[in-house]
Amino acid sequence: MSERPPAIFVGEHLALDFLNSIASPKDVPVEWLRDGRDLIDWLEQAKVIETVVAARFRASKNRRQLEDVAAKTRAFRDWLRGFVTRHMGKTITPAAAKALAPLNDLLAGDTSYPVVEAGDGDHALRLRRLRRWESPDELLHPVAEAAADLICNEDFRLIRACEGSPCTLLFLDRTKAHGRRWCSMAVCGNRAKVAAHRARKGGDGS
Ligand SMILES: [Zn+2]
C-alpha cells in the first residue's frame, strides 16, 4: 500500500475523529487503523495516550491481543458510524437508547478510576479519571467513553458530513452561526470554490 497521508482531526470531537479514521479525503479510501500498531499511533496522535504509554504498548510482546483489540476497535467504529449517521442532523430521543447495547457492553469493561488531585484557577482540587494502561484492551475504552459523551452531551443536529464529494468526513459544527459546510476550507472548501468559479465562467460563455 502506498504512503498514507497523516490522520485527520477535523471532527471537533474525539468520537467523530475516530469515525474519520477511515475516510476518502482525496478520492481513494484511506484506513488509519489497519492493525494494532496503527491503533497505538492514532491514539497517540489524537492525544488519548501519552508517548510513554504508546512506546510501552509498541514494545509489548502480546501482539495477538493487540491485533484483537484493533479488530474490535474497527468493528466498534462500524457500529458507531451506523448509529451516528442514523441520528445526525436531528434531535436525538430517549428511544435511541434501545440500540446502545454494543456501546454499553464496552463501557462495562472500563477499568479507569477517579483520582483527586491539585487543581488550578477556580478549583483548588479537581477530580480526574486515570487509566492503568496495563492491557491492550484498555486502548478501546477512551474511544467508547468519547462515543458515550458525544451521544449524551452533544447536539446531534450539529453533526454533519462534509459537503465535498467524495469526502465522507464527519464533524460537529461548533461555529457560532452553525454554518460549517466543509471538513476544511483548505481541502473541500477550496475545491468547491474553484468548481463554482469554473461553472460561473462557463455560464458566462467566456
Ligand atoms: Zn471534505
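The values are calculated or read from the model by the stated rules, or taken from the named source; none is laboratory data. In this text the structure is predicted, and so the values were computed from the model without any measurement. Note: ideal-geometry Cβ built from the backbone for every residue, glycine included; neighbour counts use all protein chains shown.
Condition first: closer than 14 Å to LEU150 by Cβ and assigned to a helix (DSSP H, G or I). Can you find one or more residues in region 58-76 that meet it? Break it down stepwise before answering.
Filtering region 58-76 for residues closer than 14 Å to LEU150 by Cβ gives 76.
Still in the list and also assigned to a helix (DSSP H, G or I): 76.
Checked region 58-76: at least one residue is closer than 14 Å to LEU150 by Cβ and assigned to a helix (DSSP H, G or I).
I'd like to know if region 181-204 contains one or more residues that are in a helix (DSSP H, G or I), at pLDDT 85 or above and touching a helix residue (DSSP H, G or I) at 6+ places or on another chain (Cβ under 9 Å). No, region 181-204 has no match at all.
Return the residue satisfying two criteria in turn: it lies in region 12-35 and is touching a Leu at 6+ places or on another chain (Cβ under 6 Å) and not polar (S, T, N, Q), and of such residues it is nearest to GLY164 (Cα to Cα).
If we filter region 12-35 for residues that are touching a Leu at 6+ places or on another chain (Cβ under 6 Å), which is where we start, we get 12-13, 15-16, 19-21, 23, 33.
Within this subset, residues satisfying the condition of being not polar (S, T, N, Q) are 12-13, 15-16, 19, 23, 33.
On the way: GLU12: 18, HIS13: 20, ALA15: 21, LEU16: 17, LEU19: 17, ALA23: 12, LEU33: 23 Å.
Only one residue tops the list, namely ALA23.
The residue that is nearest to the ligand (Cβ to nearest atom), among those in region 168-179 that are under 15 Å from ASP17 (Cβ atoms) and in a loop (DSSP other than H, G, I, E, B), is LEU169.
Can you confirm whether CYS152 is within 16 Å of the ligand (Cβ to nearest atom) and within 20 Å of the chain's Cα centre (by Cα)?
Working: within 16 Å of the ligand (Cβ to nearest atom): no; within 20 Å of the chain's Cα centre (by Cα): yes.
No, not satisfied.
Taking first residues from region 159-178 that are over 16 Å from ILE8 (Cα atoms) and partners that are assigned to a loop (DSSP other than H, G, I, E, B) and away from the ligand (no atom under 14 Å from the Cβ), the Cβ contacts under 6 Å between residues at least 6 apart in sequence or on separate chains come to ILE159/MET88.
The rows are residues; the columns are (1) touching a His at 6+ places or on another chain (Cβ under 6 Å); (2) assigned to a helix (DSSP H, G or I); (3) under 30 Å from GLU163 (Cα atoms).
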| site | (1), (2), (3) |
| --- | --- |
| ASP78 | no, yes, yes |
| LYS90 | no, no, yes |
| PRO102 | no, yes, yes |
| GLY121 | no, no, no |
| ARG128 | no, no, no |
| LEU140 | no, yes, yes |
| ASP149 | no, yes, yes |
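Consider GLY189 carefully, then state whether it is without any contact (Cβ under 8 Å) to a residue 40 or more places away in the chain and within 16 Å of the ligand (Cβ to nearest atom). So GLY189 passes the test. Across region 159-166, a minimum of one residue is classified as surrounded by 12 or more Cβ atoms within 10 Å (Cβ to Cβ) and more than 10 Å from the ligand (Cβ to nearest atom). Among residues of region 35-55 that are without any contact (Cβ under 8 Å) to a residue 24 or more places away in the chain and among the charged types (D, E, K, R), those with a Cβ under 6 angstrom from a residue that is part of a helix (DSSP H, G or I) and surrounded by 15 or more Cβ atoms within 10 Å (Cβ to Cβ), sequence gap 6+ or separate chain, pair up as GLU44/ALA54. Residue-level analysis places LYS98 outside the set of residues that are out of contact with any Phe, Trp or Tyr (no Cβ under 6 Å at 6 or more places or on another chain), of a type in the set (D, E, K, R), free of Cβ contacts under 8 Å to residues at least 40 places away in the same chain and part of a loop (DSSP other than H, G, I, E, B).
Got at least one residue in region 70-78 being over 17 Å from the mean Cα position of the chain (by Cα), loosely packed, with under 14 Cβ neighbours inside 10 Å and not polar (S, T, N, Q)? Spell out the reasoning first.
Applying the first criterion (over 17 Å from the mean Cα position of the chain (by Cα)) to region 70-78 yields none.
No, every residue in region 70-78 fails to be over 17 Å from the mean Cα position of the chain (by Cα), loosely packed, with under 14 Cβ neighbours inside 10 Å and not polar (S, T, N, Q).
From the list LEU80, LEU100, the lone residue that is at pLDDT 95 or above and farther than 19 Å from GLU138 by Cα is LEU100.
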